[in-house]
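For reference, the structure discussed in these notes is given below.
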Amino acid sequence: MRILITGGAGFIGSHLCDRLLDAGHSVIVMDNLITGSTRNIQHLAGRGDFHFIKHNVSNYIFVDGPLGAVLHFASPASPSQTAATSYLKLPIQTLKVGALGTHNALGVAKAKGARFLLASTSEIYGDPLEHPQKETYWGHVDPVGPRSVYDEAKRFAEAITMAYHRAHGVDTRIVRIFNTYGPRMQLDDGRVVPNFVGQALRGEPLTVYGDGSQTRSFCYVADLVSGILALLASDEHMPVNLGNPREVTILEFAQVINRITGNAAGIEFVPGGRTQGDPQRRRPDITKAQETLGWAPETPLEDGLAQAIAYFRQVMQ
Ligand code: UDP
């Protein structure tokens, strides 16, 4: 199959490229590189079955020839208040790629008769009042809060994906991705994994925002990619959560990273660090993925972190 991946030079997109090429597909990456990086795909350069097009998918998309699938992964994804590549610093671009970019990507899928898969997010649940989060939960999102540029864009993206499915019969999939980590995360994107690992490797204290009682559930990228490919191969049109249900507080997470890296600098609490609307608890209910895809994550947190730490160590040299 010939597959278009928007955002294919990003963290998750580039891992998808590798797996799809390994499986014998040919891949076209479309990315404007505002948050992605050619470093993530440079090992694929020169292959006959791989093409890179530098393009902003919020503008009209043109792809020559047939396509079997369109995987729409383009979007800023970090909620950091300080990092230049976060969605808080790229609010209009984030809204446009979730809305106009999704519309364009759906248009390509419709024109080519291709399957379409939307990368959605646990953020569509907002600061959730239900725990753990099931696909049937409608969420608790502030429509005008700072995180709304991402949350509402992704909620719109889900809505237009379902509309193309219902009105135009496009063969669509929606994955709601929970916190994912691994090699190729951008070291300076401000998210908790690169922040903590970078700080630990520099021998600095880990900046725990607030009191660290907020929770997240971290999925290793290889597990996530297996789930995405299983969803793509399935016939499930409604959203499916993918993530790791092992929930940790951010304080515990910091302690794990200090232990694994041997960082003796400890923890620095940053009272004003949490972005407004920062979810207090987040854990996927993955029953649907287990039952419909036969998928569950397999990589223990400590093993996945060892891989991520090795990657960041190499990037920081
Ligand atoms: N966080 C933190 N220190 C950091 C970066 C993040 O304590 O240096 C916290 C943040 O407040 C949030 C959690 O870690 O509660 C996860 O944040 P991240 O930016 O990775 O993404 P989110 O899961 O909120 O989308």
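Between the helical axis of 221-233 and the dominant principal axis of the chain, each derived from Cα atoms, what acute angle in degrees is found, rounded to the nearest 10?
20
In degrees from 0 to 90, rounded to the nearest 10, what is the angle of the helix 102-112 Cα long axis to the longest principal axis of the chain?
The helix 102-112 is inclined about 40 degrees to the chain.
Any idea what angle helix 11-22 forms with the longest principal axis of the chain, computed on alpha-carbon atoms, 0 to 90 degrees, nearest 10?
Between the helix axis and the principal axis of the chain, the angle is about 50 degrees.
Once R0 is set to 30 Å, what does the formula 1/(1 + (r/R0)^6) return for the Cβ-Cβ distance between Ala310 and Asp235, expressed as a FRET efficiency to the nearest 0.05?
Numbers: r = 38 Å, r/R0 = 1.26.
Result of the calculation: an efficiency of 0.20.
Which lysines, on any chain, are close to Lys89 with Cα under 18 Å apart, when same-chain ones fewer than 8 places away are left out?
Filter leaves Lys154.
So, with +1 on the Cβ of K and R and -1 on the Cβ of D and E, and no other charges, what is the size of the charge dipole of the stretch 252-311 about its Cα centre, to the nearest 20 debye? Kindly include the intermediate steps, with their values, before the conclusion.
Values: 6 positive and 8 negative charges, 43 e Å.
Charge dipole, the stretch 252-311, about its Cα centre: 200 debye, nearest 20.
Step through the residues of the stretch 289-300 one at a time and calculate ³J(HN,Hα) from phi using the Karplus curve (6.51 cos²θ - 1.76 cosθ + 1.60, θ = phi - 60°), rounding each to whole Hz and writing x for Gly and Pro.
4, 5, 7, 8, 10, x, 10, 8, x, 10, 8, x
What distance in nm lies between label points placed 7 Å from Cα along the C-beta direction at Asp278 and Asp49?
4.4
Can you find, among Ile309, Ala157, His103, the residue sitting farthest towards the positive end of the charge dipole of the chain, where Lys and Arg contribute +1 and Asp and Glu -1 at Cβ?
Toward the positive end, the furthest listed residue is His103.
So how much slack lies between Arg202 and Glu252, counting 0.36 nm per residue of separation and subtracting their Cα-Cα distance, in nm? Before the final figure, lay out each step's value.
Working: separation 50, 0.36 × 50 = 18.00 nm, distance 1.97 nm.
Here the segment from Arg202 to Glu252 would lengthen by 16.0 nm.
Could you go through the stretch 115-120 in sequence order and give the Karplus-derived ³J(HN,Hα) for each residue, using 6.51 cos²θ - 1.76 cosθ + 1.60 with θ = phi - 60°, rounded to whole Hz, and x for Gly and Pro?
5, 10, 10, 9, 7, 9
Efficiency by 1/(1 + (r/R0)^6): what FRET value for Asp64 and Ile92, r their Cβ-Cβ distance, R0 = 45 Å, to the nearest 0.05? Don't skip to the end; give the middle numbers.
Numbers: r = 30 Å, r/R0 = 0.66.
Step by step, r from the Cβ atoms, then E = 0.90.
Just need log10 I(q)/I(0) for the chain at q = 0.11, 0.13, 0.16 Å⁻¹, Debye formula, equal scatterers on the alpha-carbon atoms, no solvent, rounded to two decimals.
Scattering profile of the chain, log10 relative to I(0): -0.64, -0.91, -1.44.
Explain nothing, just the number: dipole magnitude of the stretch 1-103 about its Cα centre with +1 on each Lys and Arg Cβ and -1 on each Asp and Glu Cβ, in debye rounded to the nearest 20. Don't skip to the end; give the middle numbers.
On the way: 7 positive and 5 negative charges, 45 e Å.
Computed charge dipole of the stretch 1-103: roughly 220 debye.
Which residue, Ala254, Ala289, Ile5, has the largest displacement toward the positive end of the dipole of the chain when charges sit on each Cβ (Lys, Arg +1; Asp, Glu -1)?
Positive-end residue among those listed: Ile5.
Just to verify a number: FRET efficiency for Thr38 and Ala265, C-beta to C-beta distance, R0 = 35 Å, to 0.05?
On the way: r = 33 Å, r/R0 = 0.95.
That gives a FRET efficiency of 0.60.
Taking the Cα centre of the stretch 194-262 as the origin and placing charges on Cβ (Lys, Arg +1; Asp, Glu -1), which of Val240, Tyr220, Pro194 is farthest toward the positive end of the dipole?
Pro194
Only Lys, Arg, Asp and Glu count, each charged at its Cβ (+1, +1, -1, -1), so figure out the dipole size of the chain about its Cα centre, rounded to 20 debye. Write out the running numbers ahead of the final one.
On the way: 29 positive and 30 negative charges, 124 e Å.
Using Cβ point charges on Lys, Arg, Asp and Glu, the chain gives about 600 debye.
Given the stretch 200-317 reduced to its alpha-carbon atoms as identical point scatterers, what log10 I(q)/I(0) does the Debye formula return at q = 0.09, 0.20, 0.22 Å⁻¹?
-0.31, -1.12, -1.21
Measuring from the lowest to the highest alpha carbon on each principal axis, how far does the stretch 32-133 reach, largest first, in angstroms?
That gives 46, 30, 26 Å along the principal axes, largest extent first.
Testing the spin-label approximation: label points 7 Å from Cα along Cα→Cβ at His140 and Ala163. State their distance in nm.
2.9
For a footprinting-style exposure proxy, rank Thr102, Thr287 by other Cβ within 10 Å, fewest first. Walk me through the numbers before you get to the answer.
Details: Thr102 30, Thr287 13.
The fewest-first ordering by Cβ neighbours comes to Thr287, Thr102.
Read-outs: derived from the displayed coordinates by stated rules, not from any lab. Bear in mind the structure is a predicted one, so any value in this text is a computation, not a measurement. Every residue, glycine among them, receives a Cβ derived from its backbone with ideal geometry; neighbour counts consider all protein chains shown.
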